[in-house]
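Take a look at the structure below.
The values are calculated or read from the model by the stated rules, or taken from the named source; none is laboratory data. Just so you know, these numbers come straight off a predicted model, no measurement behind them. Virtual Cβ from ideal backbone geometry, glycine too; neighbours counted across all protein chains shown. Ligands, DNA and RNA are stripped out before the accessible areas are found, and what is left, the full protein with its side chains, is counted by its heavy atoms. Shrake-Rupley method; radii C 1.70, N 1.55, O 1.52, S 1.80 Å.
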Amino acid sequence: MSFIHLIGFGLKVGHLVLMLCYSFLTVISLNSLFINDSQMKPNNNNNTKSNKLWIKFLEIFSRNTSKIHHYYQYIGSDKFRKTWWKKLLILWIAFGTLLSLWVFWYMRSQALETRKDNLTNMCDERARMLQDQFNVSLNHVQAMSILISTFHHGKSPSAIDQETFAKYTERTAFERPLTSGVAYAVRVLDSEREQFEKQQGWTIKKMTPVNKDKYNPEELEPSPIQPEYAPVIFAQETVAHVISLDMLTGMEDCENVLRARELGKGVLTAPLELIKSNRLGVILTFAVYKRDLPSNATPEERIEATDGYLGGVFDIESLVEKLLQQLASKQTIYVNVYDTTNISNPISMYGVDVTDTGLQHVSPLNFGDPSRKHEMRCRFKQKQRWQTLAISTSFGIFVITLLVGHIFHATINRIAKVEDDYHKMSKLKKRAEDADVAKSEFLATVSHEIRTPMNGVLGMLDMLMDTVLDVTQQDYVRTAQASGKALVSLINAVLDQAKIESGKLELEAVRFDLREIFDDVLSLFSGKSQEKGIELAVYISAKVPETLTGDPGRFRQIITNLMGNSIKFTEKGHIFVTVHLLEEAAESIDVETEPSSKDTLSGLPVADRNRSCEGFRPANQVEDPSESVTLIISVEDTGAGIPLEAQHRIFTPFMQVGPSIYRMHGGTGIGLSISKCLVNLMNGEIGFDSVPHIGSTFTFTAVFSNPNEQQVNGQPKSKLEFCGMQAVVVDPRPVRAEVSRYHIQRLGMHVETVSSLTSALSMLTNGSQTVHVVLIEEEVWDRDSSNSSLFFYKLRNSDNPPKLFILTNSIGGSRQYNGICSPAVITKPLRVSMLAASLQRAMGSNRSNDRNGEIPKLSLSKLLIGRKILVVDDNNVNLRVAAGALKKYGAEVVCAENGRKAISLLKPPHSFDACFMDIQMPEMDGFEATRTIRDNEQDINTRIQHGSLSLQDYANVSNWHVPILAMTADVIQATHEQCLKSGMDGYVSKPFEANQLYQEVSRFFL
Amino acid sequence: MSSVLQLQRQFIDYTTSLHNEGYLDNQFTELQKLQDESNPDFVTEVVSMYFEDSDKLLNNLTTALQQRNVDYKQVDAHAHQFKGSSSSIGAKRVTNVCAHFKGFCEAKNLDGCLRCLQQVKQEYIFFRNKLEALFRLEQQILQAGGSVPMVE
């Protein structure tokens, strides 16, 4: 039972330890889980409130647990903890071993004790029985002695003879189970010997040890003469051979007889070999007295009163055998009986000598003779059996300790390993992050380093284009240039990405005009949209302030990215960019939802704009509206749309919709990811909605600060010439009409929109206002040719006819309309500058014609005619050519061969309007000459100012500064800087190039 | 009349070939454009000036390079001059060789300089011959009563 209990206990302890380990591990793993969680969760975009709360809770929790973990690490350094654990483990095993040993020992001793008790019990029992039986025999022998004294000595003549005695003793043998025979010897004094011998008819014989096998009483010698004799007269049949033997002649018998008559008690001999039977036996002797003696009688009295001696022979060996057979467990123990009167040499009376020195018990035996001591020694026959119970119990305990130790060890190892792994992982993570940062930095650096030489390459290619090339070469150069530009833009994109990743991108905060940026972007894409025949339009709400503070470059980049994508994937339909204030959009969303489905720019269905900005923060979260402006910009297209499976990774860098898309449209796939980052930097959000084959709508918000001043300034000055004019837009589609109205209004004009030509006509004829401009959608104009021609003629015939324009998408707008004289065509996308230019052209104001045309030679002549110009060059031919060229434009040219001459010629007062100077000249180069000239001028200027020179002498010019332009063959930046440093005003390439010459000269002569 | 046309065609072909073979570049055309009624002999004037200068420069270069201690600065200055005037006149190949010449001067490579001098001389003589032939054609056209066509 106890064994099972022990095992149960061990199992329970093991379980407990396991549970502890498990919970410990769980805390660690949970910890890491939470850390992971807190890292991963913020990436998700479902920022519902509860979710955020939950994340926050997790973060706090994980922070705490990590803190605990930290403490734990702090307390137990790795090494310390390991040795500590090891010591504990060894201690534990030692304890287990000791415990098992103790249990073994304890159980063994317990068993031994019971065994000993057993032995003692058995031994005592046997001893008692033996003693009892012996005493019974003893008593009987004593009784017999009384019988003899009564009937032999008390009667005269004796009532007993040998025959009677033998018969009696034979018949009462059962009363004395331990005796094998009884005999009576009478006391005969030497004086009575002869009489006695006569009376008996035999001589007293001497007891001598003779050949045992041939015991013959006849051969025995007569006893020698002694003071007294003790011849046996009666004997039981079994010992009849001892009759006539003198007991006093036997060594043992004599001593026994003497002792018995002195003591008056039964006396035992030492074990002796019995005559004739040759067995080991003990003789008990009682003295028979003449009269009753008091118990305190002296030995002398007793000797004097002695009549005879009764002796009983005890055959111990057979007797004990008989006795033990009565007991059941004879087989289990050995019994030995010893006479230990002489302690140093005990005489064995019974039992085999067994050398086994195992457990032994000794019980004393009292046979009634105080001078003789006997004892019984008992011993188990078999050695103690193996203590299986103790061994298995202790072994079980040992095994359990080892197991627990092993579990403990394994747990510690596991924990250490997990911890090591954790450290390793965190180190690796750190390294990976470092590597990522390093990668970004490397990319940034390398991109930058590539950009610089690339600019050189592009510049050189530009210059190469200006040199004389045949058609093939020009084609090559153009290709190289285009490739170079593509490479630079790609590098820029990568650089941006790297900058964003390494967190180095910072936004500028400058004032900029939002509408201008959109105009720029529109003109950038106008070519492509016209080529494809897509309608491209921008609408900016009137509530959006004129100027904003932010980073125009980056904003433009976002717009360009989004519009570029749209253009790339749109083959028909429209791309429509709208800009609103966020508050405004929030209001309008509620209102606009229903009619939006069909009412789009090109009439094609589009993706839902509202869905694209679903996840955005509500507008009222924006702080102070007077300081910051949140714009919501959406780019809507009717392109291919984004496949559903690709929508989730659209903002991941380098992820495109698919490889086929890449092959079809090119691009690196980082545009959108950069845009997203930039939008985030602008505190905005970006989202999209896309329906495959219908189109996509990207919407983003951006926060700009609002420069409150100057908002009153309103419209730009240049458009003032159209201010107050009246325009009519004929367009059945309200959205498109709204866009047109927006652009025309930017010119300061009043705009009415009508849906058809007939209503336009009625308005024109009936209206009280004069209408200056009529803009008609191409679609309306084409729909009904007769109607439109009618319209055309009616307008023409009216007094003060308005200018007529057709708004078209595609570039092929120069076709003839209906065979009649076609009205002017404005190709969309609409933008202010283009609109203004078209209107100007149509209204006949030719003012700005010069500016956008190529620079005519005429204008150069206009600039140079009559100017007096000094040309300085040491090279005659160059001088002559330069002079010739300038003369051709009507300038008056004076030549100088070297710097010195130029200096003297340019000493004020002089009448030169400009000077072209070669740089590399012998003796004095152009820089030095210029410096001297400037020094001279400075000197004279100061002196005039101080009045030391009269103004009249210097042609009434108080500030002399003749424009000096360097002529150089190699136009390098360094030269340019040096030119400016030495006081020159600019440089022209040599030989002259009309464009450049015009640019430089116009700076001074306009 | 037909001969004038023929001459004019020949003139155009010749000029085009000169352009194509790289003897002339647009600068020469520019020069031709500079010539007008007010300045009827501009091109010949400039070209003869160029020839004069060039002869002088070539002589200078030859003597400068024959010195025991060659003054590379001097040689470079001459080469620069020569390059400048050549580019002004539109003698493309001469200009190119001059650029090489300058390079060798900067590297102070006497062998290269001497080789370039030979090359420059050769190119110059070629150019001179071609140009003289061109002028002869021009004269012929003028004598035949035609006008010199402009070659773009």
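So, A:Glu531, is that one in a helix (DSSP H, G or I), out of contact with any strand residue (DSSP E or B) (no Cβ under 9 Å at 6 or more places or on another chain) and not aliphatic (A, V, I, L, M) or not?
Against the criterion (in a helix (DSSP H, G or I), out of contact with any strand residue (DSSP E or B) (no Cβ under 9 Å at 6 or more places or on another chain) and not aliphatic (A, V, I, L, M)), A:Glu531 qualifies.
Report, by residue number, each residue of the range B:89-101 that is assigned to a helix (DSSP H, G or I), buried (at least 21 other Cβ atoms within 10 Å of the Cβ) and within 12 Å of chain A (Cβ to nearest Cβ).
B:Ile89, B:Lys92, B:Val94, B:Thr95, B:Cys98
Scan the range A:617-652 residue by residue and report those that are under 18 Å from A:Glu685 (Cβ atoms), at pLDDT below 70 and either touching a Cys at 6+ places or on another chain (Cβ under 6 Å) or open to solvent by less than 60 Å² (accessible area, probe 1.4 Å) (or both).
A:Ala619, A:Val622
Which residues, counting only those in the range B:20-32, are part of a helix (DSSP H, G or I) and at the interface with chain A (Cβ under 8 Å from one of its Cβ atoms)?
Listed by number, the residues that qualify are B:Asn20, B:Asn26, B:Gln27, B:Glu30, B:Leu31.
Search the range A:636-650 for residues that are hydroxyl-bearing (Ser, Thr, Tyr) and pair each with any residue that is at pLDDT below 80 and open to solvent by 40 Å² or more (accessible area, probe 1.4 Å) when their beta-carbon atoms are under 6 Å apart and the residues are at least 6 apart or on different chains.
So the pair list comes out as A:Thr638/A:Leu604.
Which of the numbered conditions does A:Arg171 fail, given that it passes all the others? Conditions: (1) open to solvent by less than 50 Å² (accessible area, probe 1.4 Å); (2) basic (Lys, Arg); (3) modelled with pLDDT of 85 or more.
Just one mismatch for A:Arg171, condition (1).
Among the residues of the range A:926-960, how many are at negative phi and not in a helix (DSSP H, G or I)?
Taking the range A:926-960 as the starting set, the residues that turn out to be at negative phi are A:926-946, A:948-954, A:957-960.
So of that shortlist, the ones also not in a helix (DSSP H, G or I) come out as A:948-950, A:957-960.
Residues flagged as at negative phi and not in a helix (DSSP H, G or I) within the range A:926-960 amount to 7.
Report whether or not A:Ser426 is surrounded by fewer than 18 Cβ atoms within 10 Å (Cβ to Cβ), hydroxyl-bearing (Ser, Thr, Tyr) and part of a strand (DSSP E or B). Write out each step before concluding.
Details: surrounded by fewer than 18 Cβ atoms within 10 Å (Cβ to Cβ): yes; hydroxyl-bearing (Ser, Thr, Tyr): yes; part of a strand (DSSP E or B): no.
When the stated conditions are applied, A:Ser426 does not pass them.
Of (1) over 21 Å from B:Gly146 (Cβ atoms); (2) more than 14 Å from the chain's Cα centre (by Cα); (3) touching a residue at least 24 places away in the same chain (Cβ under 8 Å), B:Ser38 satisfies all except one. Which?
(3)
Taking A:Asn492 and the conditions (1) over 14 Å from A:Gly553 (Cβ atoms); (2) part of a helix (DSSP H, G or I), which numbered condition does it fall short on, given that it satisfies the others?
Single failed check for A:Asn492: (1).
Restricting to the range A:910-922, and then to whatever is at the interface with another protein chain (Cβ under 10 Å from one of its Cβ atoms) and in a loop (DSSP other than H, G, I, E, B), can you tell me which residue is surrounded by the fewest Cβ atoms within 10 Å (Cβ to Cβ)? It would help to see each step written out before you state the result.
Initially, the range A:910-922 is screened for residues at the interface with another protein chain (Cβ under 10 Å from one of its Cβ atoms), giving A:918, A:920-922.
With the extra rule that they be in a loop (DSSP other than H, G, I, E, B), the set shrinks to A:920-922.
Details: A:Gln920: 19, A:Met921: 24, A:Pro922: 14.
Per the stated criteria, the residue is A:Pro922.
When you scan the range A:863-909, how many residues do you find that are surrounded by fewer than 18 Cβ atoms within 10 Å (Cβ to Cβ), part of a loop (DSSP other than H, G, I, E, B) and more than 14 Å from every other protein chain (Cβ to nearest Cβ)?
3
Within the bounds of the range A:468-478, is there any residue that is of a type in the set (Ser, Thr, Tyr), part of a helix (DSSP H, G or I) and over 28 Å from B:Asn20 (Cβ atoms)?
As a first pass, look at the range A:468-478 and keep what is of a type in the set (Ser, Thr, Tyr): A:472, A:476.
The next check asks that each one be part of a helix (DSSP H, G or I); those that pass are A:472, A:476.
Applying the additional criterion that residues be over 28 Å from B:Asn20 (Cβ atoms) yields none.
Taking every residue of the range A:468-478 in turn, none turns out to be of a type in the set (Ser, Thr, Tyr), part of a helix (DSSP H, G or I) and over 28 Å from B:Asn20 (Cβ atoms).
Among the numbered criteria (1) out of contact with any Lys or Arg (no Cβ under 7 Å at 6 or more places or on another chain); (2) in contact (Cβ under 8 Å) with a residue 12 or more places away in the chain, which one does A:Ala432 miss?
Of (1) out of contact with any Lys or Arg (no Cβ under 7 Å at 6 or more places or on another chain); (2) in contact (Cβ under 8 Å) with a residue 12 or more places away in the chain, only one is false for A:Ala432: (2).
Report yes if B:Ala64 is open to solvent by 10 Å² or more (accessible area, probe 1.4 Å), within 13 Å of another protein chain (Cβ to nearest Cβ) and hydrophobic (A, V, I, L, M, F, W, C), otherwise no.
Working: open to solvent by 10 Å² or more (accessible area, probe 1.4 Å): yes; within 13 Å of another protein chain (Cβ to nearest Cβ): no; hydrophobic (A, V, I, L, M, F, W, C): yes.
Answer is no for this residue.
If A:Leu490 satisfies all but one of (1) over 29 Å from A:Glu433 (Cα atoms); (2) within 51 Å of the chain's Cα centre (by Cα); (3) among the aliphatic types (A, V, I, L, M), what's the number of the condition it fails?
(1)
For the range B:33-44, give me each residue that is facing chain A (nearest Cβ under 7 Å) and either open to solvent by 50 Å² or more (accessible area, probe 1.4 Å) or more than 13 Å from A:Gly890 (Cβ to Cβ) (or both).
Across the range B:33-44, the qualifying residue is only B:Phe42.
Could we say that B:Asn59 is open to solvent by 20 Å² or more (accessible area, probe 1.4 Å), over 14 Å from B:Phe127 (Cα atoms) and either away from chain A (no Cβ under 12 Å) or in a helix (DSSP H, G or I) (or both) here?
Values: open to solvent by 20 Å² or more (accessible area, probe 1.4 Å): yes; over 14 Å from B:Phe127 (Cα atoms): yes; either away from chain A (no Cβ under 12 Å) or in a helix (DSSP H, G or I) (or both): yes.
Here the answer is yes, as B:Asn59 does meet what is asked.
Does the range A:537-546 hold any residues that are surrounded by fewer than 19 Cβ atoms within 10 Å (Cβ to Cβ) and either out of contact with any His (no Cβ under 6 Å at 6 or more places or on another chain) or not in a loop (DSSP other than H, G, I, E, B) (or both), and which are they?
Taking the range A:537-546 and keeping what is surrounded by fewer than 19 Cβ atoms within 10 Å (Cβ to Cβ), we get A:541-546.
A:Ala542, A:Lys543, A:Val544, A:Pro545, A:Glu546, listed by residue number.
Restricting attention to the range A:91-128, which residues are crowded, with 16+ Cβ neighbours inside 10 Å and in contact with a strand residue (DSSP E or B) (Cβ under 8 Å, 6 or more places away or on another chain)? Write out each step before concluding.
Step one: of the range A:91-128, the residues crowded, with 16+ Cβ neighbours inside 10 Å are A:92-93, A:96, A:100, A:103-104, A:107-108, A:118-119, A:122-123, A:126-127.
Across the range A:91-128, the qualifying residues are A:Leu119, A:Met122, A:Cys123, A:Arg126, A:Ala127.
Name the residue that is nearest to A:Val877 (Cα to Cα), counting only residues in the range B:102-129 that are open to solvent by 40 Å² or more (accessible area, probe 1.4 Å) and either within 14 Å of the chain's Cα centre (by Cα) or in contact (Cβ under 8 Å) with a residue 60 or more places away in the chain (or both).
Taking the range B:102-129 as the starting set, the residues that turn out to be open to solvent by 40 Å² or more (accessible area, probe 1.4 Å) are B:104, B:106-111, B:114-115, B:118-119, B:121-122, B:125-126, B:128-129.
When the remaining residues are screened for being either within 14 Å of the chain's Cα centre (by Cα) or in contact (Cβ under 8 Å) with a residue 60 or more places away in the chain (or both), the result is B:119, B:121-122, B:125-126, B:128-129.
Numbers: B:Gln119: 21, B:Lys121: 18, B:Gln122: 20, B:Ile125: 18, B:Phe126: 19, B:Arg128: 15, B:Asn129: 19 Å.
Looking at the filtered set, the residue picked out is B:Arg128.
(1) under 30 Å from A:Arg81 (Cα atoms); (2) in contact (Cβ under 8 Å) with a residue 12 or more places away in the chain; (3) among the acidic types (Asp, Glu): which one isn't true of A:Asp421, the others all being true?
(2)
Considering (1) part of a strand (DSSP E or B); (2) acidic (Asp, Glu); (3) open to solvent by 50 Å² or more (accessible area, probe 1.4 Å), say which one A:Asp292 fails and leave the rest.
Looking at each condition in turn, A:Asp292 falls short on (1).
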